[in-house]
Amino acid sequence: MPGENGVSAGEFIQELFLKTEHPIRNPEMLMFMIIELVNSTAHNVILYQQPVELPELKEELYPVIRQMIQNFT
């Protein structure tokens, strides 16, 4: 579904990957893995603050996502 600028989220993400300095191998798989990781780890944290609160999760999650991106370059 297109956003305000007429570009879908998928198209926007593909454009971002094309503009990167380092080519991304299999960008669709990378995005799927990032979204699933964030979804599964953040669910209980957001709803129940379990096993940690959101700031603590973000502190651990951001480096993992950066490493995933690096592994796909």
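Yes or no, residue by residue, for (1) among the hydrophobic types (A, V, I, L, M, F, W, C); (2) in a helix (DSSP H, G or I); (3) in contact with a Leu (Cβ under 8 Å, 6 or more places away or on another chain):
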residue	(1), (2), (3)
18	yes, yes, no
24	yes, no, yes
36	no, yes, no
44	no, yes, no
- Message: Step by step: first the residues of region 46-73, then only those that are assigned to a helix (DSSP H, G or I) and among the aromatic types (Phe, Trp, Tyr), then the one that is farthest from residue 22 (Cα to Cα). Which residue is that?
- Response: 48
- Note on the structure: Scanning region 33-73 for residues that are touching a residue at least 12 places away in the same chain (Cβ under 8 Å) and among the hydroxyl-bearing types (Ser, Thr, Tyr), the one farthest from residue 13 (Cα to Cα) turns out to be 41
- Can you tell me which residue within region 1-28, out of those that are surrounded by 10 or more Cβ atoms within 10 Å (Cβ to Cβ), of a type in the set (A, V, I, L, M, F, W, C) and without any contact (Cβ under 8 Å) to a residue 24 or more places away in the chain, is farthest from residue 71 (Cα to Cα)? 7
- Message: For region 29-73, give me each residue that is loosely packed, with under 14 Cβ neighbours inside 10 Å and either touching a Pro at 6+ places or on another chain (Cβ under 9 Å) or among the aromatic types (Phe, Trp, Tyr) (or both).
- Response: 32, 44, 48, 62, 73
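Bear in mind these aren't lab numbers, they're just calculated from the coordinates by the rules spelled out. What you see is a predicted model, and the numbers here were worked out from it, not measured in a lab. Note that we place each Cβ from the backbone using ideal geometry, even for glycine, and neighbour counts take in every protein chain shown.
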